[in-house]
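Participant: For reference, the structure I am asking about is given below.
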Amino acid sequence: MSEEIKVQESAEAAENATQDLSDVVAYKKGDTVKGKIVKIEDNQAIVDIGYKYDGVIPLKELSNVNLDNAADAVEIGQELELKILTLDDNKEKLVLSKRAVDSEQSWSDLQTKLEQGTVIEAQVKEVVKGGLVVDVGLRGFVPASMVERHFVEDFSDYKGRTLRLKVKELDREKNKVVLSQKDVLDEEFEANKKQVMSSLQVGQQLDGTVQRLTQFGAFVDIGGIDGLVHISEMAWHHVQQPSEVVKEGDKVKVQVLKVDPENDRISLSIRATQPGPWEQAAGKFQAGEIVTGTVKRLVSFGAFVEVAPGVEGLVHISQIAHRHIGTPHEVLKEGQEVNVKVLDFNPAEKRVSLSIKETEEAPEAPAKPERRSDRGGSRGGGHNEPIPPRESLNMTLGERFGDKLSKFK
């Protein structure tokens, strides 16, 4: 190759190099650029921004939340908007940040969402003391009290979940972003409650789930809202504790007794969906039958005896004992078991007439005293006359002979 050709090739190479350098965009620290992820390593991502050499995004600059691996934030081929943190051509060092750009955009976006009450979705990145950390372009915090409508004891299984959130508080100076899922759930609950309550009708029967028990009854979920089954409406028999009848999680059928939208109250009944004690007892008792019952109440005119759960009949005071008694308390006490005879059973009118004395043999009547006769001889015509009772001896002559003496007046 001649010297002339070599000189010509060198000139062309120099010209091409000069042309390539002129095509390279001049960047400086703080510039915002666009790039594409070309490689992902554990602690960084390699990105092509169209510069002389590739840049790197350190793990801590990929997100506002803590990451274990760069692959948790980006993927190969993904196009990003990035901020130049360091540019050193001598060392061919180009450090970029995704976090810085996300933060700038997120503050503005979140402020708009706070003002408009917009619902956003974000994934839980960390479970920390007092709540959850989510990625909303910034490090967002959801306090434990704002995660659910109910109390949550353990949040360990919330990592990775996607929550629906509302912005509660923004403080750029303190880099503070507080969000709430509870606000979203509360609004949905209220909307659903109004819809359900408007559709309820007294007497309507529904399927429900027991949510919680109290001393005075049970709260039952009937489609996203709770109604109260008072303890008196849990069963036809007397209930001392709601746990005697149901437990949390039980599926039950209930009947709507009352709907009070103004006070957000729904009254329900379990027992109204079940056959009543008189319906269940129909056909079980016949007149003349002797059964065992329990004395429930004593009143001045008799005793009420329960012969079946919820079925009480009256033993009139005249049917308690063969002898005369002034009050049922002389013979009976509440809680006592007794045998009773069914005198009349009328389930339609919820009436049972009972007798205790007819289950017992009547005592023998005492012997009558013999009358004494006059053994002292005859009076007048010699006829014997019985001696009158002592009380009759005290009668006056007027009382004894009043009719006979009246003709001499």
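Participant: Can you pull out every residue in segment 240-261 that is surrounded by 17 or more Cβ atoms within 10 Å (Cβ to Cβ) and within 24 Å of K296 (Cβ to Cβ)? Reasoning before the result, please.
Facilitator: Filtering segment 240-261 down to residues surrounded by 17 or more Cβ atoms within 10 Å (Cβ to Cβ) leaves 242, 245-246, 252, 254-257, 259.
P242, V245, listed by residue number.
Participant: If you go through segment 366-382 one residue at a time, do you hit one that is modelled with pLDDT under 90 and outside any loop (DSSP other than H, G, I, E, B)?
Facilitator: Taking segment 366-382 first, the residues modelled with pLDDT under 90 are 366-382.
Restricting the remaining residues to those that are outside any loop (DSSP other than H, G, I, E, B) gives 373, 379.
Among the residues of segment 366-382, at least one is modelled with pLDDT under 90 and outside any loop (DSSP other than H, G, I, E, B), which makes the answer yes.
Participant: Looking at this structure, is I120 under 26 Å from G249 (Cβ atoms) and either surrounded by 14 or more Cβ atoms within 10 Å (Cβ to Cβ) or of a type in the set (A, V, I, L, M, F, W, C) (or both)?
Facilitator: Details: under 26 Å from G249 (Cβ atoms): no; either surrounded by 14 or more Cβ atoms within 10 Å (Cβ to Cβ) or of a type in the set (A, V, I, L, M, F, W, C) (or both): yes.
So I120 does not fit the description; no.
Participant: If you go through segment 170-214, how many residues are of a type outside the set (S, T, Y) and free of Cβ contacts under 8 Å to residues at least 12 places away in the same chain? Step through it out loud before you land on a result.
Facilitator: So in segment 170-214, the residues of a type outside the set (S, T, Y) come out as 170-179, 181-197, 200-208, 210-213.
Add one more test, that the residue is free of Cβ contacts under 8 Å to residues at least 12 places away in the same chain, and what stays is 171, 173-174, 187-188, 190-191, 195.
Of the residues in segment 170-214, 8 are of a type outside the set (S, T, Y) and free of Cβ contacts under 8 Å to residues at least 12 places away in the same chain.
Participant: Also: Please state which one of K333, K296 is assigned to a loop (DSSP other than H, G, I, E, B), basic (K, R) and either under 42 Å from the mean Cα position of the chain (by Cα) or not assigned by TED's automatic domain parsing to the domain that holds M234 (or both).
Facilitator: K333
Participant: Restricting to segment 51-73, count the residues that are modelled with pLDDT of 90 or more, small (G, A, S) and surrounded by 18 or more Cβ atoms within 10 Å (Cβ to Cβ).
Facilitator: Of the residues in segment 51-73, 2 are modelled with pLDDT of 90 or more, small (G, A, S) and surrounded by 18 or more Cβ atoms within 10 Å (Cβ to Cβ).
Participant: So, one more: Residue check: is D23 at pLDDT below 95 and surrounded by fewer than 16 Cβ atoms within 10 Å (Cβ to Cβ)?
Facilitator: Numbers: at pLDDT below 95: yes; surrounded by fewer than 16 Cβ atoms within 10 Å (Cβ to Cβ): yes.
It is true that D23 is at pLDDT below 95 and surrounded by fewer than 16 Cβ atoms within 10 Å (Cβ to Cβ).
The values are calculated or read from the model by the stated rules, or taken from the named source; none is laboratory data. Treat the numbers as computed from the prediction; the structure is a model and nothing was measured. All Cβ positions, even for glycine, are placed from backbone atoms using ideal geometry, and neighbour counts span all protein chains on display.
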